[in-house]
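Worksheet: the structure to be examined is printed underneath.
Bear in mind these aren't lab numbers, they're just calculated from the coordinates by the rules spelled out. Just so it is clear, the model here is predicted, and its values are computed rather than measured. So basically every Cβ, Gly included, is an ideal-geometry build from the backbone, and we count neighbours across all protein chains shown.
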Amino acid sequence: MPKRRKDDAGPAAEASPGKEAFDIDEAFRRLRAAVRDRAKAAMFDLRDRGFGSPFEQLVGSLISARTRDETTLEVCLRLFAEASTPAAMIALGESRLAELLHPASFPEPKARDIIEFSRRIVDEHGGVVPDTMEGLTAFRGVGPKIAALTLAVGFGKPFIAVDVHVHRVANRWGYVETSTPEQTMLALEAKLPKEYWIEINERLVPFGKWVCTAASPKCSTCPLLSMCRQVGVTRTR
């Protein structure tokens, strides 16, 4: 495959005044270096600690919704020490599961949803987690982002999981121009080389937390500044 030097579609394909043309391969090289010593995104951290099964990733992704990565990791490690399969989760029971989910957000609703999809995985899928977007989003509480994380990290399938960091950074770069995470997912699917579909969440979550922050991003020390169009940035550090 010939090497891509810049992208063919979208405004970032051309260099803005004083900027280099956006090279997605170079962007990922710089991203890897930028986040090498930062805490990993929660689902990738769990995978690297040995909790990468589709069921563990499904449960962990649901727990991570509106919950800080540090809390998600702590809760998941405690939970998986007691139950890490659908049958074990059912045996745990909703009340005990809700206790274990604290201090993640919405522990009771999440416990209810985890018990329900555990039962459905056992009863309707022979104990095997579905490996399609349609199969996963048929479960209550599982939206596209949770399903995409499960498919990407748990199954190794090329899916793009878009959270607030991926949405913000990709738009700030000028790589896409969208208003919602759902639109960003579609825009990235149309443009981002497939080899980066899983990795974009892995890199942009810590990058968005520590470098390209929501308020006052650290543009002066950002390794992507020479390519980034800084869309919407009004104050930097």
| Whether segment 42-154 is rounded, prolate or oblate, judged on the alpha carbon gyration tensor where a/c under 1.5 counts as rounded | rounded
| field | C-alpha center-to-center spacing [segment 99-131, segment 39-70] in angstrom | value | 14 Å
| message | Relative contact order of the chain, please, whole-number percent, based on alpha carbon pairs below 8 angstrom and at least 6 residues apart. | response | 23 percent
| note | In order over segment 23-38: 3J(HN,Hα) from phi, Karplus 6.51/-1.76/1.60, θ = phi - 60°, whole Hz, x for each Gly or Pro, gives 10, 5, 5, 5, 4, 6, 4, 5, 4, 4, 5, 5, 10, 3, 9, 9
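Around GLY60, with a cut-off of 15 angstrom between Cβ atoms, what is the net charge of the other residues, counting Lys and Arg +1 and Asp and Glu -1?
Numbers: positive: LYS40, ARG47, ARG49, ARG66, ARG68, ARG78, LYS110, LYS145; negative: ASP45, ASP48, GLU56, ASP69, GLU70, GLU74, GLU82, ASP113, ASP163, GLU202.
In short, -2.
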| Contour minus Cα-Cα distance for ALA190 and ALA88 (0.36 nm per residue) | 32.8 nm
| query | Sequence-distant or interchain residues sharing an amide H contact under 5 Å with THR213, placed H: which? | reply | LYS218
| Which FRET efficiency value, to the nearest 0.05, do you get for THR234 and GLU20 by plugging their Cβ-Cβ distance into 1/(1 + (r/R0)^6) with R0 = 25 Å? | 0.65
| note | Over 28 Å (Cα to Cα) among LYS110/LYS209; LYS19/LYS157; LYS110/LYS218; LYS110/LYS194; LYS40/LYS157; LYS145/LYS191 -> LYS19/LYS157; LYS110/LYS218; LYS110/LYS194
| query | Cα atoms only, the chain: Rg and Dmax in Å? | reply | 18.8, 61
| How far, in nm, would the chain grow between ARG120 and THR178 when pulled straight, counting 0.36 nm per residue and subtracting the alpha carbon separation? | 17.3 nm
| In order through segment 51-67: 3J(HN,Hα) via Karplus (6.51 cos²θ - 1.76 cosθ + 1.60), integer Hz, x for Gly, Pro | 10, x, 5, x, 5, 4, 5, 5, 5, x, 5, 5, 4, 6, 4, 6, 9
| note | In degrees rounded to 10, the 0-90 angle between helix 181-191 Cα long axis and the longest Cα principal axis of the chain is 60 degrees
| note | Diffing segment 99-105: the Karplus 3J(HN,Hα) column from phi (6.51, -1.76, 1.60, θ = phi - 60°), in whole Hz with x for Gly and Pro, holds 4, 5, 7, 5, x, 4, 5
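Multiply the residue gap between ARG66 and ARG38 by 0.36 nm, knock off their C-alpha separation, and tell me the result in nm, one decimal place.
Numbers: separation 28, 0.36 × 28 = 10.08 nm, distance 2.05 nm.
In short, 8.0 nm is gained.
Rounded to the nearest 500, what is the chain's calculated 222 nm mean residue ellipticity when only DSSP H runs of at least 4 contribute -39500 (n - 2.57) each, over all residues? Don't skip to the end; give the middle numbers.
Numbers: 12 runs with 120 residues, N = 237.
After summing the helix terms and dividing by the residues of the chain, the value is -15000 deg cm²/dmol.
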